[in-house]
1. Condition test on Gly32, is it in contact with a strand residue (DSSP E or B) (Cβ under 9 Å, 6 or more places away or on another chain), within 23 Å of Arg79 (Cβ to Cβ) and open to solvent by 20 Å² or more (accessible area, probe 1.4 Å)?
2. Within the group Leu95, Leu24, Leu56, which residue is crowded, with 16+ Cβ neighbours inside 10 Å and touching a Phe, Trp or Tyr at 6+ places or on another chain (Cβ under 6 Å)?
3. In this structure, is Ala38 touching a Ser or Thr at 6+ places or on another chain (Cβ under 7 Å), surrounded by fewer than 16 Cβ atoms within 10 Å (Cβ to Cβ) and assigned to a loop (DSSP other than H, G, I, E, B)?
Amino acid sequence: MATISVRTRDGELHSFEGRVGASLMENIRNGGFDELLAMCGGCLSCATCHVFVEELPASASLPIPSIDETELIEGSDYRQENSRLSCQIPFDETLSGIVIGIAPED
């Protein structure tokens with residue numbers, strides 16, 4: 001079982017089983033977290049799936065953000081060092097236990 005924990009904007013932490021092979025954004029949306037808008041559906045043309053990676057399992061690593069992802073995140077008033085677009089993170093077993101916070105809406 002590969003688990004994802006999501007901290008919603010009200011500060012509550014929710015954990016659920018993620019689907020390996022789907023993006024983190026798809027998992028969060030399929031988990032019922034509608035406050036993550038993901039308006040472009042994962043086409044890397046908006047930043048409405050902005051999240052903060054709060055905890056990453058010790059053996060896991062994330063793909064390096066592309067120039068396009070970096071530019072979209074830089075446009076956010078809520079950018080942090082741990083900011084990522086969840087559509088750009090493929091979810092696999094190595095990410096089981098990841099803790100994500102949904103960024104405030106710009």
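The values are calculated or read from the model by the stated rules, or taken from the named source; none is laboratory data. Because the structure is predicted, anything quoted here is derived from the model rather than measured. Every residue, glycine as well, gets a Cβ built from its backbone with ideal geometry; the counts of neighbours run over all protein chains shown. Heavy atoms of the whole protein, side chains included, go into the accessibility calculation; ligands, DNA and RNA do not. Shrake-Rupley method; radii C 1.70, N 1.55, O 1.52, S 1.80 Å.
1. The answer is no for Gly32.
2. Leu24
3. Considered against the rule, which asks whether it is touching a Ser or Thr at 6+ places or on another chain (Cβ under 7 Å), surrounded by fewer than 16 Cβ atoms within 10 Å (Cβ to Cβ) and assigned to a loop (DSSP other than H, G, I, E, B), Ala38 comes out as no.
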